[in-house]
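Heads up, the thing below is written out as C-alpha cells.
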Number of protein chains: 2
Amino acid sequence: MDERPNDFSLFLAKNDSTYKSQNIMPNKAIIITIGDELLIGQTVDTNSTHIALVLGEHNIEVIRKIAISDNKDDITETLDEALKKADVVIFTGGLGPTADDITKPVLCAYFGGTLVRNAEVLEHIEGIFSKRNLPMLQRNAMQADVPDNCRILFNKMGTAPGMLFEKEGKYIASLPGVPFEMKYILEQELMPILKDKVHSERVVLHKHIVTSGIPESLLADRIQDIETAFPAHMHLAYLPSLRMVKLRITSEGLDAHVLETEAQQVVQAITERVEKYIIGYEDVGLDVYATRLLADRKLKFGTAESCTGGYFGHLITNIPGSSRYYKGGIISYANEVKEHILQVPFETLAAHGAVSEETVIAMAKGALTQLEVDLAISFSGILGPDGGTETKPVGLVWMAIANKEGRVETKQLHLRYTRLTNKEAVINEGWAFLRTFILEHY
Amino acid sequence: MDERPNDFSLFLAKNDSTYKSQNIMPNKAIIITIGDELLIGQTVDTNSTHIALVLGEHNIEVIRKIAISDNKDDITETLDEALKKADVVIFTGGLGPTADDITKPVLCAYFGGTLVRNAEVLEHIEGIFSKRNLPMLQRNAMQADVPDNCRILFNKMGTAPGMLFEKEGKYIASLPGVPFEMKYILEQELMPILKDKVHSERVVLHKHIVTSGIPESLLADRIQDIETAFPAHMHLAYLPSLRMVKLRITSEGLDAHVLETEAQQVVQAITERVEKYIIGYEDVGLDVYATRLLADRKLKFGTAESCTGGYFGHLITNIPGSSRYYKGGIISYANEVKEHILQVPFETLAAHGAVSEETVIAMAKGALTQLEVDLAISFSGILGPDGGTETKPVGLVWMAIANKEGRVETKQLHLRYTRLTNKEAVINEGWAFLRTFILEHY
C-alpha cells in the first residue's frame, strides 16, 4: 500500500464554513407509486427509479419513495403526509380504464374538483381506437374525464392523461403506470412546466469513480483519510456490485463552480491513490467501458455463448451503434451446435466435456473464423440448479478470448449463487476479461 | 359478445355477510429500503419485491414500501411511523463495511443496545477472507460487532449479519442490501423464526388468469357483471403489459377452503366468458407458456436473431431445463453472418434489405437447417434511435417461424417506443407468435 502525506484535508476544511452557515432550501420531492402488484411482489418498480433520475437532473431532491395499495384511504393519507414534507409529489399508477384504477377520482376529490369530459383528450382517445381498429367503449371515453381543478398533461403515447394539481405553492402530479407513457409525460409535459415553477438556488453535484479489481473494504481503507477530510456538504457512497465498486461523491451547495472545483480535487486525490483500479468516471456499467474500447480500437467482435445463452450479445446490442463493432454470435447451447457451427472437434467434447478449458478455447477460435471477426469471447458453464457432477459442480464456468493474431486467454470461475445471479456474474466477469484483454493487447 | 344470464351474483352475495361480520386481524408489514442510490435513481429496487413475495406466501400483508436515504433521522423517523401501522418491519441496506453504512448502529441505538463483537460471526468473516486470499481489515472485523439486544440472522453468503429485534410484540428485521445475501437470510434465517411468532388466522388467496389478444378495456367490459357481483372481501386487478393482460383475483378471509371454492367459481365464470383469450392460470410470462409447449410437444427449437441480439435465447436459457428443447441460435447482427452462417442468399439481402419479409424467412429457414431443429424463429428490425429510412422507419420489425414440414409464417410490427422497449415488445410478440404457431400446427 502506498502511503503518502495527507495534505488533502487542509483545502477542504477551509471551504466548509461557507456552506454550513448558509441556509440552503432545496426543493424536496416524494414519489408515490400506486398498485397492489407492487406490494405483493408481483411487479418490480422501475418507474420511481426513472422519475428520481429526472427530478435529480432538475435539482429536485427525492427524499422518499413510497409504494401503496390501490386504496382511497392509503392514497389520501400518504398524500397528507407527503405534503407536510415535500414541495413536489409525483404519483404513478392507477389511471387505467378498469374498476381498480381509482387515482383520478380520488385526487380530484382530494383537491375539491369535479370530473369534466375534455374534448381534446376524447378526440385523441378516439383516434387511437380507430387507428387500432378496436371498438371504443364507454370506459375508454371516460378516460377523457379530467378534474376541472388540474392542468392536463397530455398523453400522446396512450389513453390515460396525466394531471398536475397545485396547492399552497406545492405541486402534485399524477402519471400513468405504463412505463413508456409515464416517461413521455414526465419528460415532455411535466418537467417543462415544473422546472419553471419549482426553482431552487441549491445545486446538487454527483461525481462517480468506477473501480474494478479491489474489494470495497480495501478501497475504503486506502482512501479513508480523504473521506474523513470531506466537508459536511460532501458525502461518499460505495456501490459494490459483481466485479466492480462504484464510488459516488455527492456534494451540495449554492455555487456550482465551487462545488465542481472541489469535487474535481477529491476525484483527483482518489485517483492518485488507487489509479490502477480505476476504469472510468462515468456512471455506466462494465459493458459500456468494454465495448467502447472495441469501438475505439476499430475491432470487430463476436461471441460464442453456451451457458449465457445470448445474454452477452443481448447486452451489447442494447447499446445504440453496436453494429460498428459487433458482428454477431453463436448460441451453442447444444453440443451439436458447438460441433457443427463452431467447429469444436468431437474429440475435444468427448475427452474434456462441454464445460472445459479445451472446449471454450475451441469455441472462441470457432467463433473467430465463422463470424470473421478480430476477436471473440466464449462461455461454457453449469449455472444450476441442476447439472453438476462430482468433478464439475454447479457454478463451474470457463471462458476464453481468442484473437486473429493467435492469442488465446482463458479464465475459470467457481460461482455459488442461484442460476440467474450466476449468469449475471459470468457476464460481468466477461466484460472485465474483455476490457483487460483489449487494454493489454491492442 | 356473448350475453348470458348472470346467475353468478347470487352465490357470492350470500357468502359475504360471513366475512363482513368478522373482525379479521391480518399481520401487516412495512418494508423499508435504505440507500441514496434508490432516491437518486441510480439503482432499481428488486429487494423489496422479493421480500413482499415471500411475506405474502406467509400471509403477512405488505401495506407499504418506503425507500429512504442513508440518514439517521430518516431511519428512526420512518421506523417510528412504521411501528404505528405494522406488526413487522423489514429493512434492507446499509450494513456494509464502509462509512456510509449506518443501519446497524442506528437500529442498535434505537432499541437501546450496545454493539458487541460476536465470535461466531468473526470466525465466519475471517474464513471468507482467508478463502479469497484477501487481507482482513479492521472494518471487516467490525462487521462482527452486533447489537446485544437482537437475534443474529447468520449470513452464510457474506460478511454482514442480519438482525432481528423485538419490541412490544412487533418484529423488526434488518437485512443486507446485496440481493443474494438478503434472499438467503430472509428465506433461511428470518422466515423460519417469523412464521412461528407472527401468526394470523387470516388467509389471503390470489388467483391469476393470463389473457392475450384482448385489450384491457374490452376484457373489463366482457366480465363487468362478474366483477360487480364480487363480495367485499374479493378484489379484481388488471395487469396489462405488452401483448397480455393478467387478471388477479385477491380474496381474504378466515376459511381457506371457502375462499378457494369461491375463487374457483369466479375463475370458472370468467373462463366461460372469455375462454378463447385465456393462455393459462399461472402467474408466469408468455415465455414460460410458449416454451412449455416446446417441451410438451418434444420439439427442438432454434433462434436467428438480428435486432434482438440474443435476447430471445437469453430468456429461454433463463428457464432451468431449457436444454431439453432449445438447441441454440445465431445472432446475425451483421449481414455477413446472415449470409455466411444462416445462408441467406446475397441476392435476397441486396434486393429486399436486412429488414424484410424475404430476409426473415431465409433466416428462419437457415436456422432450421444449420441448427438442425424442428422449428426456428427469426427477427430483423430497426429498433432505433437511428437507422430508419423513408420506406423503412425506426420501429419496423419482421419476424418469421419456419418448421421442418416446410411451413413458414411471418409477422410485421410497427413499434413506436424507445430502443429497449421496442426490443421488449418484439420479444413478447415473438412468444405470442411462437405459442400460436405451436398450438395451430402440432
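The values are calculated or read from the model by the stated rules, or taken from the named source; none is laboratory data. If you're wondering where the values come from, they're calculated on a predicted model, not measured in any experiment. When we count neighbours, we look across all protein chains shown, and the Cβ atoms used for this are built from the backbone with ideal geometry, even at glycine. Protein only, heavy atoms only, side chains kept; ligands, DNA and RNA dropped before computing areas. Shrake-Rupley method; radii C 1.70, N 1.55, O 1.52, S 1.80 Å.
From the residues B:V397, B:Q265, B:T211, which one has its Cα farthest along the dipole of the protein assembly as shown in the positive direction, the dipole being from +1 and -1 charges on Cβ of Lys/Arg and Asp/Glu about the Cα centre? Final value for the positive-end residue is B:V397. A cut-off under 10 angstrom between Cβ atoms defines the neighbours of A:C108, and their net charge, with Lys, Arg +1 and Asp, Glu -1, is -1.
Can you pull out the GluC sites (Glu not before Pro) in the range B:310-414 whose DSSP state is coil and whose Cβ has at most 16 other Cβ atoms within 10 Å? Provide the component values of the computation, followed by the final result.
Values: sites: B:E336, B:E339, B:E347, B:E357, B:E358, B:E372, B:E390, B:E405, B:E409; in loops: B:E372, B:E390, B:E405.
Loop-located and lightly packed - B:E390, B:E405.
Only helices enter the 222 nm calculation for chain B: every DSSP H run of n ≥ 4 contributes -39,500 (n - 2.57), and dividing by all residues gives -12000 deg cm²/dmol, rounded to 500. Taking 1 over the mean of 1/r across every pair of different Cα atoms in the range A:286-441, what Kirkwood radius in Å do you get? Mean inverse Cα-Cα distance, inverted, gives 15.2 Å.
Listed values for the range A:211-226 are Karplus-derived 3J(HN,Hα) couplings in whole Hz (6.51 cos²θ - 1.76 cosθ + 1.60, θ = phi - 60°), namely 10, 8, x, 10, x, 3, 5, 5, 4, 4, 5, 5, 10, 4, 5, 5, and x replaces Gly and Pro.
The distance between label points at A:D80 and B:K167 comes to 2.3 nm (points 7 Å beyond Cα on the Cα→Cβ vector).
Based on Cβ point charges of +1 for Lys and Arg and -1 for Asp and Glu, what charge dipole magnitude is obtained for the range B:286-441 about its Cα centre, in debye rounded to the nearest 20?
500
Applying the criteria of a DSSP loop state and at most 12 other Cβ atoms within 10 Å to the GluC sites (Glu not before Pro) of the range B:226-302 yields B:E282. Axis between B and A by rotation; chain B residue with nearest Cβ and distance in whole Å recorded as B:G310, 1.
Ranked from largest to smallest solvent-accessible area, with a 1.4 Å probe on the protein heavy atoms, A:W431, A:W398 come out as A:W398, A:W431. Near A:G388, the amide H atoms lying under 5 Å from its own belong to A:V394; only residues 5 or more places off or on other chains count, and H is placed 1.01 Å from N.
Between the range A:264-333 and the range A:385-442, how far is it from one alpha carbon centroid to the other, in angstrom? Answer, in whole Å: 15.
Of all beta bridges DSSP finds with both residues in the protein assembly as shown, what is the antiparallel percent, to the nearest 5? So the antiparallel bridges amount to about 65 percent of the total. Divide the volume of the convex hull around the Cα atoms of the range A:372-438 by the residue count and you get 92 Å³ per residue.
For the pair B:E187 and A:T114, how long in nm is the line joining their label points, each one 7 Å along Cα→Cβ? Result for the modelled spin labels: 5.6 nm. The ellipsoid that matches the Cα gyration tensor of the range B:72-122 has semi-axes, each √(5λ) in whole angstrom, of 22, 13, 11, with the longest given first. Dipole size of the protein assembly as shown about its Cα centre, with +1 on Lys/Arg Cβ and -1 on Asp/Glu Cβ: approximately 1160 debye, rounded to the nearest 20. Using only alpha carbons, the range A:27-197 has a radius of gyration to Kirkwood radius ratio (Rg to Rh) of 0.94. Membrane-span-like helices in chain A, defined here as complete DSSP H runs extending at least 24 Å along the helix axis by their C-alpha atoms with mean Kyte-Doolittle hydropathy no lower than -1.0, are A:256-274, A:419-441; this is a sequence and geometry rule, not a statement about a membrane. When B and A come together, around 7600 square angstrom of accessible surface is lost from both chains combined, probe 1.4 Å.
Taking chain B as a Gaussian network, Cα atoms linked when under 10 Å apart, which of B:G329, B:G253, B:G169 shows the biggest mean-square fluctuation? Top of the fluctuation ranking is B:G169. Taking a Cβ cut-off of under 11 Å around B:L239, the surrounding Lys, Arg, Asp and Glu residues balance to a net charge of -3, with basic ones at +1 and acidic ones at -1.
With a threshold of 25 Å on the Cα-Cα distance, the over-threshold entries among A:K411/B:K183; A:K365/B:K423; A:K84/B:K85; A:K338/B:K392; A:K85/A:K195; A:K131/A:K183 are A:K411/B:K183; A:K365/B:K423; A:K338/B:K392.
Within the range B:215-303, the trypsin sites (Lys or Arg not before Pro) that combine a DSSP coil assignment with at most 10 other C-beta atoms in a 10 angstrom radius are B:K298. Tally Lys/Arg at +1 and Asp/Glu at -1 over every other residue whose Cβ is under 10 Å from the Cβ of B:E166; what's the total? Computed value for this residue: +3. With its label point put 7 Å out from Cα toward Cβ, A:E390 sits 7.1 nm from the same residue's point in the other copies, in order from shortest.
DSSP finds beta bridges in chain B, and of those with both partners inside it, around 60 percent are antiparallel. Restricting the calculation to Cα atoms, chain B yields a radius of gyration followed by a Dmax of 27.0, 78 Å. What is the log10 of I(q)/I(0) for the protein assembly as shown, computed with the Debye formula using one identical point scatterer on each Cα and no solvent, at q = 0.06, 0.08, 0.09 Å⁻¹? Taking Cα atoms of the protein assembly as shown as identical point scatterers yields -0.44, -0.82, -1.06. Cross-link reach is defined here as a Cα-Cα straight distance under 20 Å, omitting same-chain residues fewer than 8 places apart; for A:K246 the lysines meeting it are A:K207, A:K276.
Computed from the C-beta positions of A:E282 and B:Q264 and an R0 of 56 Å, the FRET efficiency is 0.55 to the nearest 0.05.
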